[in-house]
């Protein structure tokens, strides 16, 4: 079974972090690298309070419905967890951050339309997040020259001459499909 790219957070009633998975940290710390966060638990608790809480709801904690991380949109689903114990360490909320499928669907359609390979598609996905060739290379575990080669192949297939041309072609295609 492939690892999930969904972020998961488990919070107590005071919105203190009890547990999380690696994708949650990656989503909430972008554009920084997760490995550079010195105190992930403190960082995530702060991000939950500042970015995921809907501050228009004064009565009880409510979470936003959508969260933007870079150019990616995530659907934020929160669940109240009722436990039998009233221990302060008892989980009170589970929060799931799911990548917005509409953005992924657009890239899938573009990949089919222009016959992109899986690695070309992956390169384009990172490009759309605003990453440099070097950053893309690091994430894909390849050289920056290989990234540039993938991008040149994509440009030829899409009949554009720049990196921004790739993004423009994708943006134009997703608008006409919406």
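The values are calculated or read from the model by the stated rules, or taken from the named source; none is laboratory data. The model shown is predicted, which means the values in this text are computed figures rather than measured ones. Note: ideal-geometry Cβ built from the backbone for every residue, glycine included; neighbour counts use all protein chains shown.
Please verify whether residue 39 is without any contact (Cβ under 8 Å) to a residue 40 or more places away in the chain and under 21 Å from residue 130 (Cα atoms), treating the condition exactly as stated.
Numbers: without any contact (Cβ under 8 Å) to a residue 40 or more places away in the chain: yes; under 21 Å from residue 130 (Cα atoms): no.
Here the answer is no, as residue 39 does not meet what is asked.
Of the numbered conditions (1) more than 18 Å from residue 9 (Cα to Cα); (2) at pLDDT 85 or above, residue 79 fails exactly one; give the number of that condition.
(1)
Would the range 54-72 turn up any residue that is outside any loop (DSSP other than H, G, I, E, B), surrounded by fewer than 16 Cβ atoms within 10 Å (Cβ to Cβ), in contact with a strand residue (DSSP E or B) (Cβ under 8 Å, 6 or more places away or on another chain) and outside the structural domain of residue 128 (by TED's automatic domain parsing)? Break it down stepwise before answering.
Within the range 54-72, the subset outside any loop (DSSP other than H, G, I, E, B) is 63, 66-69, 72.
From the residues that got through so far, the ones that are surrounded by fewer than 16 Cβ atoms within 10 Å (Cβ to Cβ) too are 66, 68.
In the following step, the residues that additionally are in contact with a strand residue (DSSP E or B) (Cβ under 8 Å, 6 or more places away or on another chain) were identified as 66, 68.
Next, from what is left, pick out any that are outside the structural domain of residue 128 (by TED's automatic domain parsing): 66, 68.
The answer is yes, given that some residue of the range 54-72 is outside any loop (DSSP other than H, G, I, E, B), surrounded by fewer than 16 Cβ atoms within 10 Å (Cβ to Cβ), in contact with a strand residue (DSSP E or B) (Cβ under 8 Å, 6 or more places away or on another chain) and outside the structural domain of residue 128 (by TED's automatic domain parsing).
Checking the structure you have, find out if any residue of the range 22-41 is part of a strand (DSSP E or B) and assigned by TED's automatic domain parsing to the domain that holds residue 92.
Initially, the range 22-41 is screened for residues part of a strand (DSSP E or B), giving none.
Checked against the condition, which is being part of a strand (DSSP E or B) and assigned by TED's automatic domain parsing to the domain that holds residue 92, the range 22-41 yields no hits at all.
Can you confirm whether residue 116 is at pLDDT below 90, touching a helix residue (DSSP H, G or I) at 6+ places or on another chain (Cβ under 8 Å) and closer than 29 Å to residue 66 by Cβ? Before you say what the answer is, go through the steps one by one.
On the way: at pLDDT below 90: no; touching a helix residue (DSSP H, G or I) at 6+ places or on another chain (Cβ under 8 Å): yes; closer than 29 Å to residue 66 by Cβ: yes.
Against the criterion (at pLDDT below 90, touching a helix residue (DSSP H, G or I) at 6+ places or on another chain (Cβ under 8 Å) and closer than 29 Å to residue 66 by Cβ), residue 116 does not qualify.
Please count how many residues of the range 153-170 are without any contact (Cβ under 8 Å) to a residue 40 or more places away in the chain and surrounded by 12 or more Cβ atoms within 10 Å (Cβ to Cβ). Spell out the reasoning first.
Step one: filter the range 153-170 for residues without any contact (Cβ under 8 Å) to a residue 40 or more places away in the chain, giving 153, 155-156, 159-165, 168.
From the residues that got through so far, the ones that are surrounded by 12 or more Cβ atoms within 10 Å (Cβ to Cβ) too are 153, 155, 160, 163, 165, 168.
Residues flagged as without any contact (Cβ under 8 Å) to a residue 40 or more places away in the chain and surrounded by 12 or more Cβ atoms within 10 Å (Cβ to Cβ) within the range 153-170 amount to 6.
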